Amino acid sequence: MAEGDQPIIENNVGEGHSLRPKTGATRDGVPLALNRPPSPDLEPWIARIMVAIADAPDDAVNEGWLCNDAGYVRTAIGADWTAGTADGPLEIRDESFLCGQHSKSMPLRYVGGIKVAGVMLRPGSINALWGIDDGTLLDRITVGFDDGELTRLYEPGISPEDWLLSIENWFRHYIAKSASRTPDKLSQKFEVASFADPNQSITEFADINGVTARTLQRIIKRDFGLTPKQVMRRARTLDLAAKLCGVSDVEEDEDIYLRFFDQSHQIREFIAFFGRTPREFLLTRQGLLTLSLEIRQARRLEILHRIAPDAIRPWMKEEFVTLSARPA
């Protein structure tokens, strides 16, 4: 293997075409995204920014899932995507699009490799930036908004980090031009609570933050598209999925399992979100979903002060700074 190359990873789903990671990999070689917190001035709206690049033959057909607990703006380049949204199959190529949060996993078929940049939005940011409630976009994708400038930020040969910097700058100008308000801070606190303890009492959270249960229900439904209890259920299940995909802190393994009453409860919850049992999920481990869950887990552990933003994460093959210097 030439110096600097990443191992070729065979998918165990779809037609089994190989992916060659370019922006990072787990210890066993599954592709990862270069992802980090945004610039401080963008933090009120943006939770994280990412670029994922993995080469594959142009005719490679792969199938995977998306399951995010945050809204996203994504730019997909050089591949044909078909997403199974709540409105039916949606075809995407060489454009930017706005993704709502997920109440369950969304099937995704893509032809070619992976070349995507994304901005993970804080709860309520879709409403603050575009006047759309997160609930309206639950399990949906909106294309055709004024995305031309954003899509054209990608240029052949641009480095992943330069792509991220240009996206940040685009958002900086957009926010200033539109005079966007900042999202509700209660939603931000609730998101952190779901990261720290997804079994936390909803009533206790409302009392601690000085709001009524009805007010909390209304705000969380608006900014997450789900009820507070559903948000906690999703957080618990995504933590388990991340553990099964190998992108979790092993020190949390026991706690993750203890969040479920018993094995039957764990299986029921997992089937509700992924349509399969944890064992079936593990046997068909998804590279695309692993990539997505890793972004969430990195942010979660940083917010909980479990890892530093510039640390090599427990599941990483090598630090991102080396990988980001390579040409796209």
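Where a number appears in this text, it was derived from the coordinates with a stated rule and is not lab data. Just so it is clear, the model here is predicted, and its values are computed rather than measured. Virtual Cβ from ideal backbone geometry, glycine too; neighbours counted across all protein chains shown.
In this rough spin-label picture, where each label sits 7 Å from Cα along the Cβ direction, the Ala179-Ala213 distance is 4.0 nm. Calculated FRET efficiency, Asp87 to Arg109, Cβ-Cβ distance, R0 = 22 Å: about 0.85 to the nearest 0.05.
The protection proxy used here, the mean number of other Cβ atoms lying within 10 Å of each residue, ranks peptides 290-298, 82-90 as follows, highest first: 290-298, 82-90.
Between the entries (1) 58, 50, 40; (2) 71, 44, 36; (3) 77, 41, 35, the label attached to Cα extents along the principal axes in Å calculated for this structure is (1).
Counting only lysines at least 8 places from Lys221 when in the same chain, those with an alpha carbon closer than 22 Å to its own are Lys104, Lys185, Lys189, Lys229.
Placing pseudo-labels 7 Å out from each Cα toward the beta carbon at Asp58 and Leu282 gives an inter-label distance of 4.1 nm.
For Gly24, the residues whose amide H sits under 5 Å from its own are Leu32, ignoring neighbours fewer than 5 places away on the same chain, with H placed 1.01 Å from N. Dividing the convex hull volume of the alpha carbon atoms of segment 40-147 by its residue count gives 95 Å³ per residue. The helix-only estimate of mean residue ellipticity at 222 nm for the chain, built from DSSP H runs of length n ≥ 4 each weighted as -39500 (n - 2.57), is -11000 deg cm²/dmol after division by the residue total.
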